[in-house]
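This report concerns only the one structure given below.
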Amino acid sequence: MFTLSDLRDIAIQIERNGVEAYRSASQRIVDPEMAAVVALMAEEELRHLNWFKQLSTGANAPSEHPEIEAMGRSLLKEMMESRTFSLGSEPLQRAVDVSAVLSQSLGFEEDTILFYNTLGAFIETPAAKDQLEAIIAEERRHVEMIERMMAAIQTDRGRVDA
């Protein structure tokens with residue numbers, strides 16, 4: 001239905017969106033610590049992007065059913081566009097406050113993890129599987145960092161000045 005190359009191309013776009021969105025968000029966040037964390041996440045997404053660009057997808061044999069493969073690619077693209085990390089990064093870039101940025105980022109990271117777990121089923125070489133697992137672990141760490149920042153914001157909002 002779709003090839004490893006199709007999945008890799010989507011992963012590249014996901015990571016490209018993450019880099020752009022996190023860089024933009026880090027420049028808009030006033031809190032220097034939070035901005036630094038988001039900038040770090042942008043750099044990690046850039047590393048992921050470069051890894052996916054280098055991922056060998058092997059030589060794709062000519063398809064016996066090109067129409068079915070085209071439908072599969074179209075379906076996959078439709079499914080991906082409906083997710084937070086969709087093929088367009090505008091929602092995260094349009095977020096107007098830190099809470100909105102973090103909320104969008106959390107959804108982006110969670111959806112990315114789900115997609116990469118699916119992608120792992122199509123990767124055959126042990127070294128590539130290990131690297132993908134390392135990327136998934138970093139994405140999980142991003143989720144934890146975002147959740148900590150969200151908790152810090154909630155704590156700050158609950159404080160009363162004397």
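The values are calculated or read from the model by the stated rules, or taken from the named source; none is laboratory data. As the structure is a prediction and not an experimental result, all values here were calculated from the model. Every residue, glycine as well, gets a Cβ built from its backbone with ideal geometry; the counts of neighbours run over all protein chains shown.
Points to keep in mind about this one:
- Across region 11-22, the number of residues qualifying as surrounded by fewer than 22 Cβ atoms within 10 Å (Cβ to Cβ) and β-branched (V, I, T) comes to 2.
- Evaluation of S74 against the conditions (1) within 25 Å of T3 (Cβ to Cβ); (2) at pLDDT 90 or above shows that the sole unmet condition is (2).
- Out of L102, L106, L119, L132, one residue alone is over 17 Å from E44 (Cβ atoms) and of a type outside the set (K, R). It is L119.
- Residue selected from region 86-104 under the condition small (G, A, S) and modelled with pLDDT under 85, by the criterion surrounded by the fewest Cβ atoms within 10 Å (Cβ to Cβ): G88
- Subset of region 132-154 [of a type outside the set (A, V, I, L, M, F, W, C) and at pLDDT below 90]: Q154
- Residue count for region 1-57, restricted to those that are part of a helix (DSSP H, G or I), aliphatic (A, V, I, L, M) and under 16 Å from S105 (Cβ atoms): 14
- Residue tally, condition more than 10 Å from the chain's Cα centre (by Cα), surrounded by 14 or more Cβ atoms within 10 Å (Cβ to Cβ) and over 22 Å from D6 (Cβ atoms), over region 107-139: 1
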